[in-house]
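Asks: Can you keep this structure in mind? I'll have questions shortly.
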C-alpha cells in the first residue's frame with residue numbers, strides 16, 4: 001500500500017506532466033485566430049488578404065520586422081519580407097502576416113512563428129531554398145519544393 005506522500009507525489013508529477021504537455025501543444029499551435037487545415041483554400045484566402053488589407057506604417061514595420069529575418073523558402077537569397085518575386089508562396093505568407101497584424105494585433109515574434117508554421121504546413125519535408133532557380137520550381141506545388149505558381153488563378157493546378 002502506498003503512503004500518502006507517495007500518492008501526493010504521483011498526483012503532483014502527473015499534473016506537471018499534463019501542464020508540460022499543454023505547454024508544448026500551445027507552443028506548437030499557430031497564432032491566435034488561425035489554424036492551418038487546407039493548403040489550397042487557405043492559400044487563396046491569404047493571397048486575397050494580401051491584396052485587400054492595407055497596413056498602417058506601424059503595422060508594416062511589424063510585418064517587415066517579422067519577415068526580414070526569415071529566408072524565403074523558395075529563394076533563400078532573399079528574405080520572406082521581399083522574396084525574389086511575388087509568387088503564390090510569398091503572397092500567402094504576406095497575407096497571413098497582414099491578417100495576424102491587422103485583425104489579431106500580433107507582434108513580430110508571433111507573426112514570424114505563425115508564418116514559419118505555415119511554411120512547415122504547406123511542405124512538411126521542407127524547402128531547398130533554391131526552387132526559384134531550379135527548372136520548373138516556380139510552377140511546382142508547395143509540397144514539391146515549389147512556389148505554387150505565379151498567378152493566383154492557377155492555384156488549383158499547382159497545390
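Rule-based calculations on the coordinates, nothing more; no lab input. Predicted model only: the values in this text are computed from it and were never measured. So basically every Cβ, Gly included, is an ideal-geometry build from the backbone, and we count neighbours across all protein chains shown.
Asks: Filter the stretch 65-78 for residues that are buried (at least 16 other Cβ atoms within 10 Å of the Cβ) and over 19 Å from residue 139 (Cα atoms) and give the result.
Replies: Those that are buried (at least 16 other Cβ atoms within 10 Å of the Cβ) and over 19 Å from residue 139 (Cα atoms): 66, 67, 70.
Asks: Would you confirm whether or not the stretch 89-111 contains a residue that is closer than 26 Å to residue 139 by Cβ and surrounded by fewer than 16 Cβ atoms within 10 Å (Cβ to Cβ)?
Replies: The answer is no, given that none of the residues of the stretch 89-111 is closer than 26 Å to residue 139 by Cβ and surrounded by fewer than 16 Cβ atoms within 10 Å (Cβ to Cβ).
Asks: Being under 12 Å from residue 39 (Cα atoms) and more than 12 Å from the chain's Cα centre (by Cα) narrows it down to one residue among 143, 139; which is it?
Replies: From the options 143, 139, the qualifying one is 143.
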